1. If I ask for residues that are surrounded by fewer than 20 Cβ atoms within 10 Å (Cβ to Cβ), within 13 Å of chain B (Cβ to nearest Cβ) and either of a type in the set (A, V, I, L, M) or under 16 Å from A:ASP29 (Cβ atoms) (or both), which ones from region A:77-90 would you list?
2. Hey, could you check region A:70-85 for residues that are modelled with pLDDT of 95 or more and not in a strand (DSSP E or B) and say which is nearest to the chain's Cα centre (by Cα)?
3. For region B:284-307, how many residues are closer than 20 Å to B:LYS254 by Cβ and in contact with a strand residue (DSSP E or B) (Cβ under 9 Å, 6 or more places away or on another chain)?
4. Tell me, please, whether a residue that is farther than 23 Å from B:PHE22 by Cα and free of Cβ contacts under 8 Å to residues at least 12 places away in the same chain can be found in region B:222-229.
5. Could you say which residue among B:VAL302, B:VAL309 is over 23 Å from the mean Cα position of the chain (by Cα), surrounded by 18 or more Cβ atoms within 10 Å (Cβ to Cβ) and closer than 19 Å to B:GLY346 by Cα?
6. Of these, A:VAL62, A:VAL41, A:VAL90, A:VAL50, which one is among the β-branched types (Val, Ile, Thr) and over 15 Å from the mean Cα position of the chain (by Cα)?
7. Could you check, for region A:38-50, whether at least one of its residues is part of a loop (DSSP other than H, G, I, E, B) and touching a helix residue (DSSP H, G or I) at 6+ places or on another chain (Cβ under 8 Å)?
Amino acid sequence: MNVPENLKYTEDHEWARVEGKVAYVGITDHAQQELGDIVYVELPDIDTEVEKDEEATSIESVKAAAPVNSPVSGKIVKVNEDLEDEAELVNKDAYAAYIFAVEMSDPSELDSLMDAAAYKKFLGK
Amino acid sequence: MLKRTVLYDVYKNYDGVKLIDFGGWELPVNFEKGIIGEHMAVRENAGLFDVSHMGEITVEGDTSEEFINYLVTNDVSAMHDNQCMYSPMCYPDGGVVDDLLVYRYSTGKYLLVVNASNVDKDFSWISKENEWIKKASEKPVLENISGRMSQIAFQGPKAESYMKELVSPEVADIEFFHFRDDLKIDGKKAIISRTGYTGEDGFEIYLANEDAADVWNYLLNATKDRGVLPCGLGARDTLRFESKLPLYGHELTKDISPLEANLSYFVKLDKKDFCGKAALAAQKEHGIPRTLRGCEMVDKGVPRAGYTVHLNGKEIGFVTSGTKSPILNKFLGLVLIKRGTGLKIGDEIEVNINGKMKKAKLVKTPFFKNTKQTQQ
């Protein structure tokens, strides 16, 4: 299972890549495998306020819709518009295909996320 | 504890198998190639499905034909031996108990194939709850043999050529919605019908449980190098959806009549009394409340079952099934909406997707029809 070292992870199988005050968020390789063929990614609106561990948007496989929670609180500042027409990019490389970016209101929330080692262990349970 | 079919042990170790709880059964939603890969295999080549969870009920005795004709809305008296017929089975109020296939061996012997999630409800309805059976002096012998039977569906435009090669050249002579029970597969007794739930040509094969694994392996091992895939319930659903084949619990329920689901072809109001006839005839006379239509999303989004459908700000119905069509690459939905809205093909409606009103337009159904097929 692909779990990059430089990312932070949630128990809901989202990842966060931190660049300054901004966290880029996507779903993990494990999550995309579980979902199967992804056909649609709902992109949240820019400037929407999101809360840590609350649903920020959703991602849809052929079979079902799954929520994507935000790993951190803050404001959506960017979305990955490539996914609008190519949702399958999430299947191809889940870590390259961020879904949205959050300007964090409380960066200390990052401390509650898992690092790669902890997430691997979590997956192994 | 989830129920498993006898084929579970065969495919539980297949690469990429993903198992889900389907109405109490632990069944594969897809294998390694994914729903879309399996879907395309069935549209272009062939795929093998384990549908052993389906229920089978036998009906035997002199009054069988009369009894079944009371239970179902289609007219089984028009059948001949070795024919299959699709029919809804209704409650007195016109709501649907289940939809099923009737196999006629003779007027004194039938096999009913019902949906997995409805087996217990159906058997109870058929064997003791309906008015005919309560009053009958001469009752047919009914048996729920679901626990002893397995079913494999071999579906796709090339299924016939594989079956001719692997079973018998005679399978080519089995006409659409007919069956044979005198052909063996790899030495195993089988009922082979030219039926399916994919919109493609193909066969459904009924076997004794103890023979199912051998037959599955025999068919798949001989064809997998030619691109035949084991397929899960995910592809079964997307295939039937594109072809607008109803799924009980979605397009048909106890609260949706077959006339509303646009299945009037299978409701023979001119035959003598049957369960639900008065209610369905009244619907037809006074106006069928709703109609099942197809829509294609104009705005992006996936219309899922249960989402409400709106016209000019008013709710007019809901989505019964929806997904992204693998073959058309479009977001499509089946919608059960009020009749009399005046909506025509191409007209816009809105679907409430998670609180956002998204535009869709009505399109013709079935969404997809395989033009290569010679039979319906």
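1. Of region A:77-90, the ones surrounded by fewer than 20 Cβ atoms within 10 Å (Cβ to Cβ) are A:77-78, A:81-82, A:84-86, A:88-89.
Checking the rest, the ones that are also within 13 Å of chain B (Cβ to nearest Cβ) come to A:81, A:84-86, A:88.
Of everything in region A:77-90, just one residue is surrounded by fewer than 20 Cβ atoms within 10 Å (Cβ to Cβ), within 13 Å of chain B (Cβ to nearest Cβ) and either of a type in the set (A, V, I, L, M) or under 16 Å from A:ASP29 (Cβ atoms) (or both), namely A:GLU88.
2. Filtering region A:70-85 down to residues modelled with pLDDT of 95 or more leaves A:70-83.
Subsequent filtering for residues that are not in a strand (DSSP E or B) retains A:71-73, A:80-83.
On the way: A:PRO71: 8, A:VAL72: 10, A:SER73: 13, A:ASN80: 11, A:GLU81: 15, A:ASP82: 15, A:LEU83: 13 Å.
Only one residue tops the list, namely A:PRO71.
3. Selection size over region B:284-307: 6.
4. Residues of region B:222-229 that are farther than 23 Å from B:PHE22 by Cα, as a first pass: B:222-228.
In the following step, the residues that additionally are free of Cβ contacts under 8 Å to residues at least 12 places away in the same chain were identified as B:224-225.
Yes: region B:222-229 contains one or more residues that are farther than 23 Å from B:PHE22 by Cα and free of Cβ contacts under 8 Å to residues at least 12 places away in the same chain.
5. Values: B:VAL302 fails: over 23 Å from the mean Cα position of the chain (by Cα).
Result of the check over B:VAL302, B:VAL309: B:VAL309.
6. Exactly one residue qualifies, and that residue is A:VAL62.
7. Filtering region A:38-50 for residues part of a loop (DSSP other than H, G, I, E, B) gives A:42-48.
Next, only the ones that are touching a helix residue (DSSP H, G or I) at 6+ places or on another chain (Cβ under 8 Å) stay: A:43.
Yes, there is a match, as at least one residue in region A:38-50 is part of a loop (DSSP other than H, G, I, E, B) and touching a helix residue (DSSP H, G or I) at 6+ places or on another chain (Cβ under 8 Å).
Every residue, every condition in (1) in contact (Cβ under 8 Å) with a residue 12 or more places away in the chain; (2) more than 22 Å from the chain's Cα centre (by Cα); (3) closer than 30 Å to B:LYS224 by Cα, yes or no:
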{"position": "B:ASP62", "(1), (2), (3)": "yes, yes, no"}
{"position": "B:PHE67", "(1), (2), (3)": "yes, yes, no"}
{"position": "B:PRO88", "(1), (2), (3)": "yes, no, no"}
{"position": "B:ARG104", "(1), (2), (3)": "yes, no, no"}
{"position": "B:TYR110", "(1), (2), (3)": "yes, no, no"}
{"position": "B:GLU129", "(1), (2), (3)": "no, yes, no"}
{"position": "B:VAL141", "(1), (2), (3)": "yes, yes, no"}
{"position": "B:SER146", "(1), (2), (3)": "yes, no, yes"}
{"position": "B:LYS158", "(1), (2), (3)": "yes, no, yes"}
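The values are calculated or read from the model by the stated rules, or taken from the named source; none is laboratory data. Since we're looking at a predicted model, the values are computed, not measured. Neighbour counts run over all protein chains shown; Cβ positions are idealised from the backbone, glycine included.
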